[in-house]
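The values are calculated or read from the model by the stated rules, or taken from the named source; none is laboratory data. Being a predicted model, the structure only gives us computed values, none of them experimental. Cβ atoms come from the backbone with ideal geometry, glycine included; neighbour counts cover every protein chain shown. Just the protein is used for accessible areas: all its heavy atoms, side chains included, with ligands, DNA and RNA removed. Shrake-Rupley method; radii C 1.70, N 1.55, O 1.52, S 1.80 Å.
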Amino acid sequence: MDDKSTIICRCEEISCEEVEEVISNGGRTFDDVKRITRCGMGPCQAKICTSLVAEIIHQQTGLSLSEIPLPRMRMPISPIKLETLATNSTSFSAVKSVLDEVELEEGKVR
Ligand code: FES
């Protein structure tokens with residue numbers, strides 16, 4: 001990536017330079033980058049930044065994309081409201097993704 005200030009993880013505002021620094025210090029997986037930078041810990045739970053980080057790892061290390069492990073996922077896969085958990089609702093209509101309500105303003109998640 002030519003512009004090192006390019007934001008890779010929009011949720012946590014992690015730049016390409018920060019990701020590359022982790023890789024240059026030995027990081028070889030998305031989880032390595034996540035542990036150091038919080039990349040992937042935002043509201044989208046790495047749905048947007050996973051492939052971008054994998055591409056940077058590929059470019060910097062020469063590992064093929066199939067050799068780079070996918071990030072570990074933890075439940076819930078999609079953010080849900082605490083209200084939904086508190087009411088112990090099991091219907092799909094009650095489990096509405098918080099991402100549906102996230103508003104983007106000037107490229108940043110509020
Ligand atoms: S873009 Fe990385 S967690 Fe959302």
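What FRET efficiency comes out for the pair residue 48/residue 83, r = Cβ-Cβ distance, R0 = 25 Å, nearest 0.05?
After rounding to 0.05, the efficiency reads 0.45.
Provide 34, 4 ordered by accessible surface of protein heavy atoms (probe 1.4 Å), highest first.
Solvent-accessible surface, decreasing: 4, 34.
Heavy atoms only, probe 1.4 Å: what % of the accessible area of the stretch 1-87 goes to carbon and sulfur, would you let me know?
Values: 2890 of 5410 Å².
Exposed carbon and sulfur together represent 53 percent of the surface.
Taking +1 at the Cβ of each Lys and Arg and -1 at the Cβ of each Asp and Glu, which of 45, 60, 25 sits farthest along the dipole of the stretch 7-67 towards its positive end, judged by Cα position relative to the Cα centre?
45
Taking only protein heavy atoms and a 1.4 Å probe, what accessible area per residue, in Å², does the stretch 7-67 have with all protein chains in place?
Working: 3130 Å² over 61 residues.
For the stretch 7-67, the solvent-accessible area averages 51 Å² per residue.
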